[in-house]
Amino acid sequence: MSSYPYADRFPVNRTFPEQGRDRADVLAEMTQLAKEEDQSWETGRVSGTMYCGDHDHYSFMNDVFGLYAHVNILQRDICPSATRYEGEVLAMTLDLFNADAVTDGEPVGLVTSGGTGSITHAVLAYREKAAQDRGVTRPNFIKPETGHPAFDKACHLFGVELRRAPVDPVTTQVDVEWVRANIDDQTIGMMGSACNYGYGTIDPIEALSDLAVEAGIPLHVDGCLGGFILPFGQELGLDIPVFDFRLPGVTSISADTHKYGYAFKGTSTVLFRDKSWRNSQYFFLTDWTGGKYCSPGMDGSRSGGLLAATWAAMVQLGKEGYRSYAKAIFDTSKAMQDAVRSHPELKILGEPTFLFSFTSDEFDIYHVNDFMRPRGWRFNGQQYPNALHMAVTRPQTQDGVVEAFVADLAEAVAYAKEKGQEPAASGAVYGGVAGGMNDEADEFIKMFMAQMMDEQQALPPL
Ligand SMILES: Cc1ncc(COP(=O)(O)O)c(C=O)c1O
């Protein structure tokens with residue numbers, strides 16, 4: 001992707017312009033770009049990323065956002081409604097995860113900036129509490145190999161050794177006995193996914209919960225992706241196991257309001273079985289010349305707009321709204337999975353839910369991607385084994401999308417069969433599919449990714 005995607009149409013601001021521009025002109029230019037870019041996912045052919053995809057919903061949330069976008073919720077006295085919205089977002093999410101079943105603690109939470117934010121807060125809380133209560137100085141944390149990289153990032157940031165538990169190649173679920181064998185007196189916690197990003201499968205959370213109770217270490221359930229849809233699947237009678245606070249070993253849960261919570265990007269929740277977990281990572285600086293400082297999480301200033309819009313999305317849709325969206329998504333995912341299963345050359349990994357992943361033993365699955373990409377399909381690419389994943393969201397529930405998937409997939413399979421094990425043009429990059437990266441050495445891949453990030457974040461000279 002170019003570092004200057006619109007250089008042929010608009011001037012590039014290499015320097016801070018001396019003179020300002022007309023508001024209407026700025027808005028017109030940006031409206032044009034945003035509308036053009038929306039077209040890529042409005043077709044319903046893009047995996048994940050646009051969870052709601054409903055412009056009326058976005059417009060309602062924009063109205064709410066506009067009321068509070070300028071407010072800094074650090075200043076609670078100026079904006080008591082932020083306290084109301086934050087408290088109620090947390091209360092509603094705690095309710096969704098059956099926190100009322102907890103008899104051995106006082107359930108609480110934090111609103112964070114996203115899934116990674118929620119996960120890092122949980123890992124930090126676990127590290128701090130293990131240090132305070134158990135004197136742990138060489139912390140380690142256990143995650144299934146399929147756990148999100150946000151756990152690796154959190155461990156990297158907070159000096160925690162990460163132990164990666166293997167998963168069963170068929171079910172894609174974590175090997176609980178491996179976890180048991182690798183817990184020691186420096187283990188600050190472990191996690192399981194409901195569901196994981198790669199395969200949409202759910203770890204054996206009940207077995208992990210039993211182990212957590214037995215070993216006396218906390219268990220985080222990563223519901224960043226599934227948290228706002230799986231509970232509605234349970235209510236709809238789908239075969240989705242219990243993974244929430246009803247299980248005695250579950251000490252924290254992350255659930256992203258900015259995914260299937262249908263809020264704007266920039267909010268998530270992390271919930272704790274007891275307040276002592278959350279409070280262990282509170283930060284206080286009492287002797288600063290600028291005044292006494294304390295913060296409940298890693299952020300400083302935060303916009304009231306995102307919080308208000310998240311609250312508005314939840315109360316406007318209500319459980320009824322979420323349930324009906326969930327039904328359409330689960331039905332669509334099943335229809336797409338049936339299409340994949342109708343091809344004996346394709347194989348779905350594990351027992352997925354709303355998100356599924358498929359591979360092939362007969363050909364490199366990226367040939368399927370190569371064929372479908374020009375038709376507007378954007379799957380997420382995976383490796384070990386090479387696989388394509390489709391996170392079904394509301395845009396796929398539109399009329400005609402499943403039918404197009406069925407037809408294009410059939411042609412793509414025929415194309416891939418011709419190509420066999422010849423190398424495909426595309427390969428696996430998290431959140432998307434990039435070209436030509438299969439079978440390259442790790443160092444080369446890191447260099448390539450660093451260059452890609454450089455070019456996207458800090459523009460090189462023209
Ligand atoms: C299971 C899971 N956990 C955590 C995350 C991280 O969320 P975010 O990208 O909001 O930081 C994701 C993102 O897709 C996810 O799927």
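The values are calculated or read from the model by the stated rules, or taken from the named source; none is laboratory data. Keep in mind that this is a model prediction, so the values were computed, not measured. Ideal geometry is used to build each Cβ from the backbone, glycine not excepted, and the neighbour counts take in all protein chains shown.
For region 181-219, the tally of residues that are within 16 Å of the ligand (Cβ to nearest atom) and acidic (Asp, Glu) stands at 1.
Residues are listed down the side, and each one gets a yes or a no for (1) more than 22 Å from Ser209 (Cα to Cα); (2) free of Cβ contacts under 8 Å to residues at least 60 places away in the same chain; (3) out of contact with any helix residue (DSSP H, G or I) (no Cβ under 6 Å at 6 or more places or on another chain):
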{"residue": "Ile78", "(1), (2), (3)": "yes, yes, yes"}
{"residue": "Gly87", "(1), (2), (3)": "yes, yes, yes"}
{"residue": "Met92", "(1), (2), (3)": "yes, no, no"}
{"residue": "Ala101", "(1), (2), (3)": "no, no, yes"}
{"residue": "Gly109", "(1), (2), (3)": "no, no, no"}
{"residue": "Lys129", "(1), (2), (3)": "no, no, no"}
{"residue": "Leu157", "(1), (2), (3)": "yes, yes, yes"}
{"residue": "Leu162", "(1), (2), (3)": "no, yes, no"}
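Pairs are defined by a Cβ separation below 6 Å, a sequence spacing of at least 6 or placement on different chains, a first member in region 304-326 that is farther than 14 Å from Val64 by Cα, and a second member that is among the β-branched types (Val, Ile, Thr); the pairs so defined are Ala326/Ile229. Within region 343-371, residues that are crowded, with 18+ Cβ neighbours inside 10 Å have Cβ atoms under 6 Å from residues that are hydroxyl-bearing (Ser, Thr, Tyr) and assigned to a helix (DSSP H, G or I) in these pairs: Phe354/Ser333; Phe371/Tyr415, counting only partners at least 6 apart in sequence or on another chain.
Of the strands (runs of 3 or more DSSP E) lying entirely inside region 291-372, the ones with 1 or more residues being in contact with a Lys or Arg (Cβ under 8 Å, 6 or more places away or on another chain) and not β-branched (Val, Ile, Thr) are found at 355-360.
Comparison of Asp299, Asp210 shows that the only residue that is surrounded by 15 or more Cβ atoms within 10 Å (Cβ to Cβ) and over 22 Å from the mean Cα position of the chain (by Cα) is Asp210. Annotation note: Cβ proximity below 7 Å between a residue of region 394-412 that is in the same structural domain as Arg323 (by TED's automatic domain parsing) and at pLDDT 95 or above and a residue that is of a type in the set (Lys, Arg) and not in a loop (DSSP other than H, G, I, E, B) (sequence gap 6+ or interchain) occurs for Asp408/Arg375. Being surrounded by fewer than 24 Cβ atoms within 10 Å (Cβ to Cβ), on the phi > 0 side of the Ramachandran plot, touching a helix residue (DSSP H, G or I) at 6+ places or on another chain (Cβ under 9 Å) and in contact (Cβ under 8 Å) with a residue 24 or more places away in the chain is the requirement here; does Gly266 meet it? Taking the combined requirement at face value, the residue satisfies it.
Of the set (1) within 16 Å of the ligand (Cβ to nearest atom); (2) more than 27 Å from Ser47 (Cα to Cα); (3) part of a helix (DSSP H, G or I); (4) not small (Gly, Ala, Ser), all apply to Pro231 but (2). From the list Val12, Val46, the lone residue that is β-branched (Val, Ile, Thr) and in contact with a Ser or Thr (Cβ under 7 Å, 6 or more places away or on another chain) is Val46. Here Gly66 clears all of (1) part of a helix (DSSP H, G or I); (2) surrounded by 15 or more Cβ atoms within 10 Å (Cβ to Cβ); (3) touching a helix residue (DSSP H, G or I) at 6+ places or on another chain (Cβ under 9 Å) except the condition numbered (2).
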